[in-house]
Amino acid sequence: MHDLSFVIIESVAQLRAKSLPWDALWERSEVTIPTARAELLAQWVEQFAPKTKIRVIVVQQGEKWVAALPLMSTKVRRVLSAGALCGSTWAPGGALLVDPNIDNTKIMDLLIQAIQKLPWQLMWLQNIRLDLDCWRAFREAASRANMAHDVDVEYSLGLLDTKREWEAYKATWSKKHRNKMSNCERRLAKHGETRYVMRIPIGAEEVAAVMSQALKIEDRSWKGGAGSSVVKRGENAYLLRQAKQLAEWNQMEMHFLECNGIPVAFAYACYSKGVRHLCKIGYNPEYASISPGQLLFSRILEQAHRNPECQVVNFFGHLTHAISRWNPTSHSMGRIVLAPGRTLGRLALHFYLRTHRATLDNDKM
C-alpha cells in the first residue's frame, strides 16, 4: 500500500473527464444507487449547486482508483464554512466510494489527510448510511488521527430482502395489513379492469412519455397543491435528464397501476446491482380512499420477489409508518460532523455538541 496517493477534482468538467475510472470504482463499491455515478453526480451539482465550490477527493493506488468522496461548500447555521456531501435525502448525488477488495485502513487514513488539506472549518456530512463498512472505517480513521468528530442518527431507511418466496413473505404481513390490501383490491376492481405495468423505457421519446405521465399524476396530488411537486418546483427537466441517462444505462424503471387503461399510481425507480430503488411515488387523488400507492407497492414487491435477479427493494427516504407495514429492515441514516484540526472548527464542533445534547436532554424530559 506504499503507492497510495490522492488527487482533488475541483470542477464538474474534471469529474466528467474521469467518468470511466469513477464508474468502475462505483461498480466495485458497496454503493448500489446509480445516482452516485459520475454523470448523474455532475447533473446533480449543475442543478442544485451550480455556483458552489466542489472538492472531490480521489485516492489512488498507482493508476487504480480505490476511494472517492465528493464534497461541496455549504454554510452551517448560515455562518460557518463547511464541506458537505453532494446530494440530499430526496435527490441523492454523491456517496463515499471504496474498493472493498483492498484493505481500507490506509485508504481511509489518506482520505482523512486529504480532508485536512481542504479550506473548510468543518465537515458536515449528512444522509449517510451509518452501518456501511466504508463509513465505519472512515470514523475509525478520524479517531486514529485524533480528529474531533460526532455521529448523529437522523432517520431510518427501509430495505426489504426479496430473496424469499412471495407467499412466505406475504405471510409476515400483519392481519390488519393483509385485510386492508384485500379490501382495497376489491374496491379498485369495482372501478374497472385493473392492471400493473412495469416499463423499462428505451430511447429518449419513450422516457419522456412515461415521465410526463408520472409527473402529471404527482402534480394532481396534494404535492401540486402545496407547490412541492416536481413540476411546481421546476425540476421536471432535471428529472427527465436523469431518467434519460438511467435508461441509456438500462437502469430506469417506471411502474404504473392502471384502472381501465388510465394510470392511477406510479413509481419511478432505478435498478442496479440487484437493488430496486424506489425514488418517487405518486397517485391520483380521486382514488385516495383505496390506497393506490400501497396497492402499487404490493405489485412492485411481488414482481421483485418473483425476479431471481432482484435481491433488495430500497424504499428510499424516511421509513414512514406506511412503509413499515411492508416489514422492511431498518437502517440508521445520519450525520457525521468532523473538525479537521483548525481551532475555529474545533470550537464550533464543541458548541454544536453542547447545544445538540442539551436539546436531546430537554426532549427526554
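Values computed for the structure shown
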{"read-out": "Residue within segment 145-160 that is free of Cβ contacts under 8 Å to residues at least 24 places away in the same chain, over 30 Å from Val79 (Cα atoms) and surrounded by fewer than 20 Cβ atoms within 10 Å (Cβ to Cβ) present", "value": "no"}
{"read-out": "Qualifying positions in segment 6-23 - more than 8 Å from Val58 (Cβ to Cβ) and of a type in the set (A, V, I, L, M)", "value": "Val12, Ala13, Leu15, Ala17, Leu20"}
{"read-out": "Scope segment 15-41; condition polar (S, T, N, Q), part of a helix (DSSP H, G or I) and in contact (Cβ under 8 Å) with a residue 40 or more places away in the chain; matching residues", "value": "Thr35"}
{"read-out": "Filtered residues of segment 30-47 (kept if of a type in the set (S, T, N, Q), surrounded by fewer than 21 Cβ atoms within 10 Å (Cβ to Cβ) and closer than 21 Å to Phe315 by Cβ)", "value": "Thr32"}
{"read-out": "Filter result (over 20 Å from the mean Cα position of the chain (by Cα) and crowded, with 17+ Cβ neighbours inside 10 Å) within segment 232-257", "value": "Phe256, Leu257"}
{"read-out": "Selection from segment 271-319 of residues that are within 21 Å of Lys223 (Cα to Cα) and among the charged types (D, E, K, R)", "value": "Lys280, Glu286"}
{"read-out": "Scan of segment 243-293 for residues that are touching a residue at least 24 places away in the same chain (Cβ under 8 Å) and of a type in the set (D, E, K, R), ordered by number", "value": "Lys244, Glu253, Glu258, Lys273, Arg276, Lys280"}
{"read-out": "Ala141 in contact with a helix residue (DSSP H, G or I) (Cβ under 8 Å, 6 or more places away or on another chain) and modelled with pLDDT of 95 or more", "value": "yes"}
{"read-out": "Residue satisfying all of: in segment 185-211; touching a residue at least 24 places away in the same chain (Cβ under 8 Å) and part of a loop (DSSP other than H, G, I, E, B); surrounded by the fewest Cβ atoms within 10 Å (Cβ to Cβ) among these", "value": "Glu193"}
{"read-out": "Criterion (touching a Leu at 6+ places or on another chain (Cβ under 6 Å) and assigned by TED's automatic domain parsing to the domain that holds Pro70) met by exactly one of Leu130, Leu125, Leu118", "value": "Leu125"}
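The values are calculated or read from the model by the stated rules, or taken from the named source; none is laboratory data. No experiment lies behind these values; they were computed from the predicted model shown. FYI the Cβ positions are ideal-geometry reconstructions off the backbone, even for glycines, and counts take in every protein chain you see.
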